[in-house]
């Protein structure tokens, strides 16, 4: 999540959640979760169609869900302010996979041997988890990181691309250029891309020859060619993101994912929406969660045609910790997801 650097005038608190309930949402571990009625996702823009789409709430009672990944038939995500990594099936059967008592987790991925990689945001580390060893430091990036580490994508060869926001997300202050740090499977690292405007979500295309990075402060998705050795080149704009017809006239991407037509699904916390953008930036679909801000999304399910959305009532740590308002919502889409995440 990376909107600390945005002007306060752009940050609008979402409207009160409308009560349109059916079956109650499943709660997770929180002792006093905020009970959220099942909302409606309002379909604002599509090609040739207008209407409403029902959502399903997979989980509620979360503190702040981020970094969703579809892995081994389950949704994995970081409950950031809950200091834990959780997995769930689409029926809401969830379990805690790892806990970071000293930090907040964000981006997730897996090494070729199946061990879990977790971004530890404020200690600026990439940690490795196995059931045998627990959490260990895979790479300490504190000597190169300029700010909070955030999202990450891991290639099949174990190379992890970790976004460094360039500033401390929760502390505000002057925003500096961010970077993406590549961490090899052996834990060694190099700076793969620099001068990024608040790098956030990362995507690898199915052939892993292209890396996409959401630049939140520039309202765009940037593409790089990826070589066999993991280096990046040929920087270019993949999509200049368009603001909604309603709300702030700025569209900062947070979490992103890719579909089979090359379109990018984008979580836009400032606009309180998720939307689908074609290469170039044209918006084809837009969904809003009444009363909540979406911060990340991934295409999962058996055929990867379920858009899974992480959302909460607020993103600021002090507000989030007052009561757990986070949810995982799901809607069905027509075009399947591809690549990673």
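The values are calculated or read from the model by the stated rules, or taken from the named source; none is laboratory data. Fair warning: this is a prediction, and the values are worked out from it, not measured in the lab. For neighbour counting, all protein chains shown are included, and Cβ atoms are generated from backbone atoms with ideal geometry for every residue, glycine included.
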Practice task
Give the residues of segment 276-288 that are surrounded by 24 or more Cβ atoms within 10 Å (Cβ to Cβ) and at pLDDT below 95, sorted by residue number.
Solution key: 287, 288
Exercise for the section: Working only within segment 188-200, note down all residues that are out of contact with any helix residue (DSSP H, G or I) (no Cβ under 9 Å at 6 or more places or on another chain) and part of a strand (DSSP E or B). Expected result: 189, 190, 191, 192, 193, 194, 195
Exercise for the section: Output the residues belonging to segment 251-271 that are in contact with a strand residue (DSSP E or B) (Cβ under 6 Å, 6 or more places away or on another chain) and surrounded by fewer than 23 Cβ atoms within 10 Å (Cβ to Cβ). Expected result: 259, 260, 263
Completion exercise
Checked pairs for segment 244-256, first on the phi > 0 side of the Ramachandran plot and in a loop (DSSP other than H, G, I, E, B), second modelled with pLDDT under 95 and surrounded by 18 or more Cβ atoms within 10 Å (Cβ to Cβ), C-beta under 6 Å and 6 or more apart or across chains, list as 247/271
Completion exercise
Here the residues within segment 324-334 that are in contact with a strand residue (DSSP E or B) (Cβ under 7 Å, 6 or more places away or on another chain) and either part of a strand (DSSP E or B) or surrounded by fewer than 18 Cβ atoms within 10 Å (Cβ to Cβ) (or both) are 326, 327, 328, 329, 330, 331, 332
Problem - Candidate set: segment 159-174, residues that are surrounded by fewer than 20 Cβ atoms within 10 Å (Cβ to Cβ) and either in contact with a helix residue (DSSP H, G or I) (Cβ under 6 Å, 6 or more places away or on another chain) or in contact (Cβ under 8 Å) with a residue 12 or more places away in the chain (or both); chosen: the one nearest to residue 79 (Cα to Cα) - result: 170
Exercise for the section: Considering only segment 309-323, state which residues are assigned to a loop (DSSP other than H, G, I, E, B) and surrounded by 18 or more Cβ atoms within 10 Å (Cβ to Cβ). Expected result: 313, 314, 315
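For (1) surrounded by fewer than 22 Cβ atoms within 10 Å (Cβ to Cβ); (2) within 14 Å of the chain's Cα centre (by Cα), each residue gets a yes or a no:
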| residue | (1), (2) |
| --- | --- |
| 79 | no, yes |
| 82 | no, no |
| 105 | no, yes |
| 111 | yes, no |
| 115 | yes, no |
Problem - Hey, residue 181 crowded, with 17+ Cβ neighbours inside 10 Å and either closer than 23 Å to residue 115 by Cα or modelled with pLDDT of 95 or more (or both) or not - result: yes
Practice task
Scan segment 284-303 for residues that are farther than 16 Å from residue 55 by Cα, in a loop (DSSP other than H, G, I, E, B) and in contact (Cβ under 8 Å) with a residue 60 or more places away in the chain and report the count.
Solution key: 1
Problem - Options 122, 99: the member that is surrounded by fewer than 21 Cβ atoms within 10 Å (Cβ to Cβ) and either under 19 Å from residue 185 (Cβ atoms) or at pLDDT 95 or above (or both) - result: 99
Problem - Pair list, Cβ under 9 Å, 6 or more apart: segment 330-341 residue without any contact (Cβ under 8 Å) to a residue 12 or more places away in the chain and at positive phi, other residue assigned to a strand (DSSP E or B) and surrounded by fewer than 18 Cβ atoms within 10 Å (Cβ to Cβ) - result: none
Fill in the blank from the handout: Scanning segment 135-150 for residues that are surrounded by 14 or more Cβ atoms within 10 Å (Cβ to Cβ) and assigned to a strand (DSSP E or B), the one nearest to the chain's Cα centre (by Cα) turns out to be 150
